[in-house]
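J.: A single structure is presented below for examination.
The numbers here are math on the coordinates, done by the rules we state, and not lab data. Since we're looking at a predicted model, the values are computed, not measured. Using ideal geometry, Cβ is built from the backbone for each residue, glycine included, and neighbour counts are taken over all protein chains shown.
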Amino acid sequence: MAGEAEALRGRAMTDPEGFWREAAHLIDWYEAPKTVLDTRLAPATQWFPDGVLNTCYNAVDRHFLAGRGDQRAICYDSPVSDTKRSFTYTQLRDEVARVAGALKRLGVGKGDRVLIYMPMVPEAAFAMLACARLGAVHSVVFGGFSGAELSTRIDDSGCKVILTASCGIEPTRLVEYKPMLDEGRRLAEHRVEHVVVLQRDQHLAILDNGEIDWAAFVEGAEPAACVPVASTDPLYILYTSGTTGKPKGVVRDNGGHAVIARLTMEQVYGRRPGDVWFTASDIGWVVGHSYIIYAPLLTGLTTIMYEGKPVGTPDAGAFWRIMEEYGVQGMFTAPTAMRAIRQQDPEGKLKARYDTSALEHQFLAGERSDPPTSDWTSALLGVPVIDNWWQTETGSPMCSNLMGVEALPMKAGSVTHACCGWDIRVLGDDGQPVPVGEIGNIVAKLPLPPGAFATLWNNHERYVSAYMEAFPGYYQTGDAGLIDADGYVHIMARTDDVINVAGHRLSTGQLEEILTGHQDVAECAVVGVADALKGQLPLGLVVLNAGCARAEAEVAAEVIALVREKLGPVAAFKNARVVEKLPKTRSGKILRAIIRAMADGQPYTVPGTIEDMGVLDQIKPLIEPNSL
Ligand code: COA
Ligand code: AMP
């Protein structure tokens, strides 16, 4: 109905208590919340603070009890290991209760942290849900991170148990987890009590450090019941890049998250209980947490868990094959994946082999979506392609077309309007609203809606200083953009040192810390160079110490290897150039914002305070968009 989306958003804005009280009925509570929102700890918001629930109960047991026991809950499809396995809601309940029982036997209880460092296998989903079942807090670490990154997460989370696997499978290699695990444990100060390793057929890890084999871990475990937890108790910690080397532990609560995950699955993504849904991402990212695991299961959907790449496994038709085989009605992935497919099969010849007629919508998020790719995808699939904008911190979309409510006309390059509960504004650096259509800092007015983070693990001060102080009363998203005359939101760039590589968020500050750790590097700047496939690619510009006579190529190769060792292959850091100087102001400040804009193809103005214009001219050809 015309105007329905606007009316709904308006209601969430003017009567948040009423709106979210009603939404809370979408899930089952042991004790229904009497209070809807509590802002006494502002800028943090506590949602449904006196409500008591269990997220796993809502995602698994509830459907089994309501007669969905025979419906497929998770379909695991892994072309890289040539495996397919499906689990009904009854089977999922049994698997999850058993893993929860096994964790309990190891001493894991409410509030304990469990680190999950696993590839896209069903056991990883069981592990997440098992933690939720016990009220334990999981922290999933993406497989492309190094042992060093693992160690910072072990220390910060203080995890009692690590659940891992013998290997991940990448197109060109097997990724052995054990060496990275050993390195992570060696570097960490915190001592983990137990490590459990799922042995995969492709590679058997040698368990020489007291690790427990997954088979023995679950053998004979007594199925565990759901433990009631407070709405505000943490469900998980997910680490994301900040502006420094120390990642930020975004904390997700139970109650607010369950409510908004369930609500958005229907409102934003248009899916109803019983539907089939496919998110091609990884459980190591927020998209994977929210829309591979929690939201689809909370809604009683069948969710596809896909282990593989969009291309090359076996070919660029992999997604279309899945659509046909499972009757996928809605799909979600990153624009990069579509660009990769388009690059290999521009005419859609592979698509023509499959019947994808069940598909109603294709959603894209995680990075800027370029209109040519969206248009190509839409024409190929014959369905609307919806760009939605959000972050690890928010847990669900801040802006999207609400496909389950009313499909509004789409605008190229726009993420449509704010979702229910989000009051999105554009402010200048002075904190004043910018005129309509002008670019500024995108902020969200407090209080943030359910599911958005209310703190950073072990670091509430950083929560306040990094997000809430620059614009009092607002959450600073770190993105820049505009709202046009029709109220459509456009996301243009980051305002900080975060870059986005193939939908993965990286901190250039963290990369710079690693590069300056090399003995021959005097100073450096890392920039995201615009790239036609991955959106951006990191490039390190390094200045060598005075008197360093080593071959430039040798140092460049070493810093590349250093990033892989310290951060991991996920950084896709394959380019480093030795330069004589970096462009600076006369007072010696590196002109990072300008280098960044040049590399990303954005407009920039050279300040009158520049020390030497010639330096800027020299680096320009090195960092031009699509130059890597
Ligand atoms: N475990 C270990 N290593 C991993 C990994 C994982 N789970 N995921 C990626 N890597 C490695 C890759 O093997 C690669 O290593 P290499 O340097 O040895 O080649 C490196 O990390 C970079 O990976 P990636 O950026 O993914 O590049 P790719 O060439 O392997 O694949 C795409 C390119 C576009 C196909 C891929 O990035 C993609 O599917 N992107 C979608 C993004 C996405 O799902 N984002 C989540 C947010 S919605
Ligand atoms: P992450 O927390 O890793 O999901 O990364 C969030 C960041 O990715 C956002 O702050 C944006 O910079 C970017 N991003 C996510 N979705 C979009 C989108 N639809 N359009 C533009 N940028 C996006």
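J.: Calculated FRET efficiency, D208 and N458, Cβ-Cβ r, R0 35 Å, to nearest 0.05?
T.: The formula returns an efficiency of 0.65 here.
J.: Taking the chain on its own, what percent of its Cα-Cα pair distances exceed 32 Å?
T.: Roughly 47 percent, rounded to a whole number.
J.: Another question, if that's okay. Residues of segment 410-428 with backbone nitrogen within less than 16 Å of a virtual label 7 Å along the Cα-to-Cβ line of E22, please, listed as ranges.
T.: 420-422
J.: Classify segment 502-627 as rounded, prolate or oblate from the Cα gyration tensor: take a ≥ b ≥ c as the square roots of its eigenvalues, call it rounded if a/c is under 1.5, otherwise prolate when a/b beats b/c and oblate if not.
T.: oblate
J.: Between segment 299-325 and segment 95-158, what is the separation of their alpha carbon centroids in Å?
T.: Value for the Cα centre distance between the two parts: 25 Å.
J.: Stretch T585-E469 to full length: gain in nm at 0.36 nm per residue minus the Cα-Cα span?
T.: Result for the pair: 39.0 nm of gain on full extension.
J.: If I model a spin label at R105 and D315 as a point 7 Å from the Cα along the Cα→Cβ vector, what separation in nanometres do I get?
T.: Simple spin-label model gives 4.7 nm for this pair.
J.: Within straight cross-link reach of K110, meaning Cα distance under 16 Å, which lysines are found once same-chain residues fewer than 8 apart are removed?
T.: K160
J.: What distance in nm separates the two pseudo spin-label positions at S627 and K411, each 7 Å out from Cα along the beta-carbon direction?
T.: 3.3 nm
J.: If you place +1 on the Cβ of every Lys and Arg and -1 on the Cβ of every Asp and Glu, how big does the dipole about the Cα centre of segment 502-627 come out, in debye to the nearest 20?
T.: Charge dipole of segment 502-627: 300 debye, to the nearest 20.
J.: Of the trypsin sites (Lys or Arg not before Pro) in segment 1-37, which ones lie in a loop per DSSP and count no more than 14 other C-beta atoms within 10 Å?
T.: For trypsin sites (Lys or Arg not before Pro) across segment 1-37 that sit outside H, G, I, E and B with at most 14 neighbouring Cβ atoms in 10 Å, the list reads K34.
J.: Identify, among W320, T45, A124, the residue whose Cα sits farthest towards the positive end of the charge dipole of the chain, taking +1 on the Cβ of Lys and Arg and -1 on the Cβ of Asp and Glu, with the dipole about the Cα centre.
T.: Of the listed residues, the answer is A124.
J.: Answer with one residue from W20, V99, A532: the one whose Cα lies farthest towards the positive end of the charge dipole of the chain, charges on Cβ with Lys, Arg +1 and Asp, Glu -1.
T.: V99
J.: Work out the FRET efficiency for D70 and I610 from their Cβ-Cβ distance, taking R0 = 56 Å, and round it to the nearest 0.05.
T.: 0.25
J.: Using the Cα centre of the chain as the reference point, and only Cβ charges (+1 on K/R, -1 on D/E), how large is the resulting charge dipole? Debye, rounded to the nearest 20.
T.: 360 debye
J.: Starting from the Cα of V436, step 7 Å along the direction of its Cβ; do the same at A32; then give the gap between the two resulting points in nm.
T.: Result: 4.2 nm between the two label points.
J.: Give me the number: length gained by fully extending A553 to Y354, i.e. 0.36 nm times residue separation minus the C-alpha to C-alpha distance, one decimal in nm.
T.: Net length gain for the segment: 66.9 nm.
J.: What residue among S627, L511, A597 has its Cα farthest toward the positive end of the dipole of segment 502-627, where the charges are +1 on Lys, Arg and -1 on Asp, Glu, each on the Cβ?
T.: Toward the positive end, the furthest listed residue is A597.
J.: Highest mean first, what order results for 598-605, 342-349 on Cβ atoms within 10 Å?
T.: So the peptides 598-605, 342-349, ranked by packing, come out 598-605, 342-349.
J.: Gain in length, A597 to D155, computed as 0.36 nm per residue apart minus the alpha-carbon separation, to one decimal in nm?
T.: 155.6 nm
J.: A follow-up question, please. Can you give me the relative contact order of the chain as a percent, contacts being Cα pairs under 8 Å and 6 or more apart?
T.: Value for the chain: 12 percent.
J.: Exposure proxy check: H417, H257 ranked by fewest other beta carbons within 10 Å?
T.: Taking fewest neighbouring Cβ atoms as first place, the list is H417, H257.
J.: Still on this structure, please answer the following. I'd like the distance separating the alpha-carbon centroids of segment 367-413 and segment 457-475, in whole Å.
T.: Using only Cα atoms to place each centre, the spacing works out to 29 Å.
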